[in-house]
Each structure stands twice: as C-alpha cells, then as structure tokens.
Amino acid sequence: MQVEIRKLHLDDYDELREAMQEAYPEMEDNTWSKRNIQKLTSIFPDGQMCITVDGKLAAAALSIVVQYELYGDQHTYDEITGHETFNTHSNIGNVLYGIEIFVHPDFRSLRLGRRLYDARKELCEIKNLRSIVIGGRIPSYHLYSDELTPREYIRKVRTKEIYDPVLSFQLSNDFSPTKVLKNYLPGDTESEDYAVLLQWNNIYYTAKPNTMQDSVIRLGLVQWQMRHFKDIDAFYQQVEFFVDVVGSYNADFCLFPELFNTPLLAGLNHLNPREAMEELAKMTEEIRDKISQFAVSYNVNIISGSMPLVEDGNLYNVSYLLHRDGKIDECRKIHITPNERNYYGMVGGNEVKVFDTDCGKVGVVVCYDVEFPELPRILADQGMKILFVPYLTDTQNAYMRVRNCSAARAIENECYVAIAGCVGNLPGVSNMDIQFGQAAVFTPSDFAFPSNAIKGEATPNTEMTLVVDVDLNLLKEVHYNGAAQTMRDRRKDIYDLRLRN
C-alpha cells in the first residue's frame, strides 16, 4: 500500500467530489463546486491538501488564512468563508482556519485524518501563524439533546463517556474547545445547529510587527495645499511633515490626494501638457521609493495619492499603497476624465483588486473611478472594508460629484470611504490653477454610525489633517443586524456583477 500526502490540484476534482459524496451521504449539497476548488487552489495552494492511497484520493483538508481579529470567536461558517467565496483569505493573516476535512469511508481505518492534522500543524509553524481554528460539528448531539446541554455534552465527550465522530477526533488531535456556537452551520440537524469552536496554538509563533490587535483602525487624511516648491527636496520635506504628524497620532493609514506632486510641473511650462506630464513621470519611481521609506520610518501605511507613470508609451494615473513593512502595491486609475484624456492623453488601467494590509483588506479608487459604482462593489465582494479615494477637483460641483458618490458607496457596500484632495491655487502651472476640496470619512447609514453617515470631515479649502478612528466590527454589525442589509439582500437570482477577466 502506497500512501502519499500532497497538495490538492484542480485535476483532482472528480475524485474529490466522489470521495465527499461517500463521506457525507446524509448531507444534501455535500460537495464543493469545481469553482470553489479552483479558487482555493489558486489563492492558497499550500493550504489545500489531500492523501492518496495507491493513487486513489482517500482524504482531503481545505483551509484559508484569516485576520482573525476581524471576525472574533462569535462568527458563522458563512462569515468566515465569505459565503464560500473565500475572499476572507488574507496573505498576511494570523490564523489558519480549517474549512473542511474528510476521509473516504473505505480508508478510515488508516488514521489518515491524523496525518492531515499533522500536516496542518506543520504548515501553521512554517507560515508562522498563531493558531489553527476550526468550527467542529457535533453530529451525535441529536441523540442526547433531550437530556444534555451542549456544554454537558462536550464535557462527557472529553471524559470519553460519549463518543462523537468529529469532536472526539479533534480532541484527540490536541484541539481545545473555546466556545459553543449557535447557528454556525444552519441546517446541520444532527448537531442541532450547534458547533464547537476549537483551537490549536502554535507554541513557536513569533508575533509580527504592526499586526492588527483590534478592530479599530485610525485613518489620517491630508488636505494638501498646492504650493510652489523650489526643488524636489522641499516637496519631500512637506510630505514628510504630514507623514510625521499622522504617524505621531499612531495612525494606521495616511492618505494623500490625487496628483499631489503636480506643483513640480512649474518648471516645465515651456513644454506641451503631454510632454510636461511625461517629464514629471520620470520622477515617479524616485518619489514612490522615498515615500515608501517614510512609511517604514514612521510606521504608517501610506496611500501616496496618485502620480503619472509612463509605461510602453502609455501615460497612466497611478496610486501607490506603500505598506509600513516596505511592501509596495499599485492601483491604476481605470476611468480617465475627458480633461485627462484630451489634455494629457492619459489611458486607463485594467486591474481591479483589493489589497491585504496589516489592518485587513482595503481598496483604492482614484477620483473619477468612485463615480462608477461597479468598481467599489467588486472590491466589496472581494472583502474590502475601507475604500480610499484620492481626488483632485477644481470646482465645487466637481468635488460634490466625488463626495456624494463616495457617500453612496459607503452605504451600498457597507464599508468606510475616506477621501482626500488638494486645495488652494497654483498659479503658473498649466491646467492646475484652482482646486476645491474637503477631506472626509463616510460610513454606512445605520444606528451604529453617526446619524449623518459622516465620521469626520475637514474644513473646506484649508490645509490640514483629519484623523479619524473607524471600527470594523461595526461593519459586521450592520451586515448581519442592520436596518438595511444591502450586501445580503441583493437579488443575485436575477442579476450579477463580475469582472470579465
């Protein structure tokens, strides 16, 4: 007999489906879809394991990594898996969450489940994750529910007075019960809709710097005064001043406005607008790297507004997310305004995605993009909780488009939206002469939030910073208990929204 433990592949799906049907004959809808397996093996291949016996798939275990503080102990299976979209998976999470483990009945005498749990523990140690957490069914509880509470039942299983095929196995693999969950897996009649939250702690875990400790995130928004700079060092000095200020308040994020470095165009007025912007784009990599150093030095994640970028002859408007651990992500403006297109010949980017940060999943859309509700909705479906909108608007009516659309995005996507723009005048720089702006943070509109759905806002047209705390747990509250539950109540049976690629 040849027993092999390895990563699960999409090509294994047919065998996986057959094995699951045999393992759970009493449950309806007892198999994962091929799309589920494709997603899991794509986002976290190391966490999807299987065991073959003489080449036949005999057992499997599926898992994701989550930022556990975003969910806490009182969660449901749907919540922790993002309704089986697995958008809750985070590459910088701290807990390995087991979402499935089963053994084909023909191979249950081989103790394959223990091998899978041992492999999970090894993975947890290799990834330096704090613990493994699972929500375990108690399928024999219905036989005792008339005489025993869940607590009494768990105690008797622990003392081996009662055998439960799931809980007994998990206890034997060094998992400890931490909480009884009600309605964890609705429809689990054998467990009477109860589950046991179990945990195995990694004793080798080393806490990572800047790891999210609770659900409260501090945002720092920079309302940037357009001014002339004698050289790029003067520009850096002003940027560092604001990063220092925001960092001194222990902010987790610092948001700068769209095209906030365009005062550096002042010495390029002899060129036509396209050429001038291309010259400015030559500074973008240097500016990005310099601000990235500020992010590390001052321990704050920075959304560096946006800057021009030339690539393959195309001119883009690019925002950078500069993590405080030195990582750099970018987001290219998707929708280009008529002014940007006609004046500079800019083109739009093609990628829509959320970013993993040490404070959970965030999204960035640049100015005009927030006026297209499809983009933030796609980001929300990918798990985004905070949306950052750097903008640059010349007149009040232009600003109001950005503001009102941002407020709407917060309500319809059950997220926080932070906006920050430039203010003041910039004489001598073509097409950048006047600006109107007011930084703000918008919330969903429900009892847990301010009655006007505005967490904070700056004074219009005045250079200043706005520092605001947002609580991610309140988003969970509105999602499950809100007076309006827009994300859950969508009629997906009659319409859908998805990326083409």
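Rundown of residues vs (1) closer than 30 Å to P139 by Cβ; (2) over 26 Å from the mean Cα position of the chain (by Cα); (3) of a type in the set (K, R), yes/no style:
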{"position": "Y194", "(1), (2), (3)": "yes, yes, no"}
{"position": "L197", "(1), (2), (3)": "yes, no, no"}
{"position": "I203", "(1), (2), (3)": "no, yes, no"}
{"position": "K208", "(1), (2), (3)": "no, no, yes"}
{"position": "L221", "(1), (2), (3)": "no, no, no"}
{"position": "H228", "(1), (2), (3)": "no, yes, no"}
{"position": "D231", "(1), (2), (3)": "no, yes, no"}
{"position": "F241", "(1), (2), (3)": "no, yes, no"}
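Restricting to segment 293-311, and then to whatever is small (G, A, S) and either surrounded by fewer than 20 Cβ atoms within 10 Å (Cβ to Cβ) or more than 12 Å from V239 (Cα to Cα) (or both), can you tell me which residue is farthest from the chain's Cα centre (by Cα)?
At the first step, the residues of segment 293-311 found to be small (G, A, S) are 295, 297, 304-306.
After this cut, where a residue has to be either surrounded by fewer than 20 Cβ atoms within 10 Å (Cβ to Cβ) or more than 12 Å from V239 (Cα to Cα) (or both) as well, the list is 297, 306.
Working: S297: 24, S306: 21 Å.
Among them, the one singled out is S297.
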**OP:** Count, please, the residues in segment 156-185 that happen to be farther than 25 Å from A119 by Cα and out of contact with any Asp or Glu (no Cβ under 6 Å at 6 or more places or on another chain).
**Re:** 10
Subject >> Residue list for segment 317-343, filter: modelled with pLDDT of 95 or more, touching a Pro at 6+ places or on another chain (Cβ under 9 Å) and either assigned to a loop (DSSP other than H, G, I, E, B) or surrounded by 22 or more Cβ atoms within 10 Å (Cβ to Cβ) (or both) >> reply: N317, S319
**OP:** Kindly check whether there is at least one residue in segment 267-288 that is farther than 24 Å from L387 by Cα, hydroxyl-bearing (S, T, Y) and outside any strand (DSSP E or B).
**Re:** no
Original post:
Take the residues of segment 294-309 that are outside any loop (DSSP other than H, G, I, E, B) and not polar (S, T, N, Q): which is farthest from A276 (Cα to Cα)?
Top reply: V296
Subject >> Residues that are over 19 Å from Y77 (Cα atoms), touching a Lys or Arg at 6+ places or on another chain (Cβ under 8 Å) and either surrounded by 15 or more Cβ atoms within 10 Å (Cβ to Cβ) or not assigned by TED's automatic domain parsing to the domain that holds F253 (or both), drawn from segment 453-494 >> reply: V467, V468, V470
**OP:** Please enumerate the residues belonging to segment 358-388 that are hydrophobic (A, V, I, L, M, F, W, C) and part of a strand (DSSP E or B).
**Re:** V362, V364, I386, L387, F388
Original post:
For segment 456-465, does any single residue satisfy the condition of being touching a Ser or Thr at 6+ places or on another chain (Cβ under 8 Å) and not in a loop (DSSP other than H, G, I, E, B)?
Top reply: no
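The values are calculated or read from the model by the stated rules, or taken from the named source; none is laboratory data. Small disclaimer: the values here were computed from a predicted structure and weren't measured. FYI the Cβ positions are ideal-geometry reconstructions off the backbone, even for glycines, and counts take in every protein chain you see.
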